[in-house]
Structure formats: C-alpha cells, structure tokens
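**Q** Below is a structure I'd like to ask you about.
No lab work stands behind these numbers, since they all come straight from the coordinates. Computed from a prediction, not measured in an experiment: that's the story for all the values here. Using ideal geometry, Cβ is built from the backbone for each residue, glycine included, and neighbour counts are taken over all protein chains shown.
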Amino acid sequence: MSLLSEPSKCLSRSCASRGDQVLLGACAPVNEDTIPFTLPQALVPLYPSHCVIYVLPGPHGDDEYITTAGTRRSYSTHWRISLSRNRLGIRLESRSCMPFAVIS
C-alpha cells in the first residue's frame, strides 16, 4: 500500500520524518490553446524610462584607481543597464570614458 493511495496516512509522524508527500492530480500536458489567459492591465508593472541611483564611493573610488575628474564624470554620467545582468547585479554602460589613475 502506498502513502499516496491513502492521504490520511501522510498526516502521521512516520510520514513527516521521511518527507512530505503530495498527492498528484491530472498530470497530462495541457494544450496552451485551450486555456486562454490574458494578464489584467492593472497587474502589469509600469517602469520609468529613467531613474536616479544614489551611490557612495567604495574602495575603488580612491585616487589610486580613478582620478578626481573620473569620479565626477562617473557620478554625472547617464548610464544604461547592460544586457549583462542577472538576479545578483547589473552592469552599467555609457558612451563616455572614465579617466582612470595611471599606475606608476
């Protein structure tokens, strides 16, 4: 006798110690054409085309890495979010070059 055939047995302590059991319903693939779905417009988020991001200088903002002019330029540049992004972070890109410090 399987635990899936008797759902009441899954409520016992012995079942919980082995992991939860989930009863399966109809698992046949559903043709997407048979289920019309339209997301209500009220649920579609509106994103602004431009936003302001406030930043603080970090360890690479030191004069050893980037010049003072480069720091000013990076704070005043209009940036775009690159396609190289994921859930962990974004990469910014711009058309202007940042003057980095010369390592001697």
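**Q** What is the sum of charges, Lys and Arg at +1 and Asp and Glu at -1, for the other residues whose Cβ falls under 13 Å from the Cβ of THR71?
**A** Details: positive: ARG72, ARG73; negative: ASP62, ASP63, GLU64.
For residues surrounding THR71, the net value is -1.
**Q** Taking K and R as +1 and D and E as -1, what net charge do the other residues with C-beta under 14 Å from the C-beta of ARG85 add up to? Intermediate results must be reported in sequence, preceding the final value.
**A** Details: positive: ARG80, ARG87, ARG91; negative: GLU93.
Summing Lys and Arg as +1 and Asp and Glu as -1 gives +2.
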